[in-house]
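To start, the structure itself, in structure tokens.
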Amino acid sequence: MSILPDPRITEPRFWVKRASEPAVLVLRKQRVLSTQRIAVELAEKAAELRAEAHQVDRVIQAYRREHGLSAEQIRQARRNRPAFSYRNPMG
């Protein structure tokens, strides 16, 4: 349990907590960046957009557009990712 308040969307730790979400995983894979770096970039984009916590998709879409990543690239990367299995958690 943390004594810190919940992070705002404009803080990198907000995005680090979401590092395992498919949209963030794909961005990280396509840009070949560390989790920390992608978190910082997404936080900066959220600050630019003056986004609220419920606007995660809006921030990710804006980031994708800015870096020329198409929705089809995201879908393709998701299709190529092995499915999670409790027997083999690594894919």
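The values are calculated or read from the model by the stated rules, or taken from the named source; none is laboratory data. Values in this document were obtained by computation on a predicted structure and should not be read as measured data. Using ideal geometry, Cβ is built from the backbone for each residue, glycine included, and neighbour counts are taken over all protein chains shown. Areas reflect the complete protein model, heavy atoms only, side chains present, ligands, DNA and RNA absent. Shrake-Rupley method; radii C 1.70, N 1.55, O 1.52, S 1.80 Å.
Yes or no, residue by residue, for (1) within 20 Å of ASN80 (Cα to Cα); (2) touching a residue at least 40 places away in the same chain (Cβ under 8 Å); (3) of a type in the set (Val, Ile, Thr):
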| position | (1), (2), (3) |
| --- | --- |
| PRO22 | yes, yes, no |
| ARG37 | no, no, no |
| ALA51 | no, yes, no |
| GLN61 | no, no, no |
| LEU69 | yes, yes, no |
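Within segment 10-20, is even one residue buried (at least 19 other Cβ atoms within 10 Å of the Cβ) and of a type in the set (S, T, N, Q)? Yes, some residue in segment 10-20 is buried (at least 19 other Cβ atoms within 10 Å of the Cβ) and of a type in the set (S, T, N, Q).
Residues that are among the hydrophobic types (A, V, I, L, M, F, W, C) and either farther than 18 Å from ASN80 by Cα or open to solvent by 20 Å² or more (accessible area, probe 1.4 Å) (or both) within segment 24-35 comprise LEU25, VAL32, LEU33, listed in sequence order.
From ARG37, ARG50, ARG18, ARG31, grab the single residue that is among the charged types (D, E, K, R) and within 8 Å of the chain's Cα centre (by Cα).
None of the others qualify; the one that does is ARG18.
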